[in-house]
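Reviewing the structure listed below.
The values are calculated or read from the model by the stated rules, or taken from the named source; none is laboratory data. Since the structure is predicted, the reported quantities are computational estimates derived from the model, not experimental observations. When the accessible area is computed, the model is the full protein with side chains, heavy atoms only, and any ligands, DNA or RNA have been set aside. Shrake-Rupley method; radii C 1.70, N 1.55, O 1.52, S 1.80 Å.
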Amino acid sequence: MPSTLLSLFSQVSDPRRGQGKIYPLAPILLFTVLAMLAGARSYRQVHSFIRPHLIPTCAD
């Protein structure tokens, strides 16, 4: 059975401390990979890619 990237990333253990877990790790990893495929080469560029794709209730 084929797996989705999100389901594969859901299997990665989350090393962050409790206070750093504002967003679940799997979607962060997925969007980071997508941003890199779209040409992002820095944390700032990844953030710029992710921000417009957040659902309105999660945006700052």
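Quickly estimate the mean residue ellipticity at 222 nm for the chain, helices only: each DSSP H run with n ≥ 4 gives -39500 (n - 2.57), and the total goes over all residues, rounded to 500.
Details: 3 runs with 26 residues, N = 60.
Helix contribution divided over all residues of the chain: -12000 deg cm²/dmol.
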Whole-percent carbon and sulfur share, accessible surface of the chain, 1.4 Å:
65 percent
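Normalised by the number of residues in the chain, what is the relative contact order in percent for Cα pairs under 8 Å and 6+ residues apart?
Working: 26 pairs, mean separation 15.6, N = 60.
Computed over the chain, the figure is 26 percent.
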Over the chain, average the accessible area per residue using a 1.4 Å probe and give it in Å², no decimals.
84 Å²
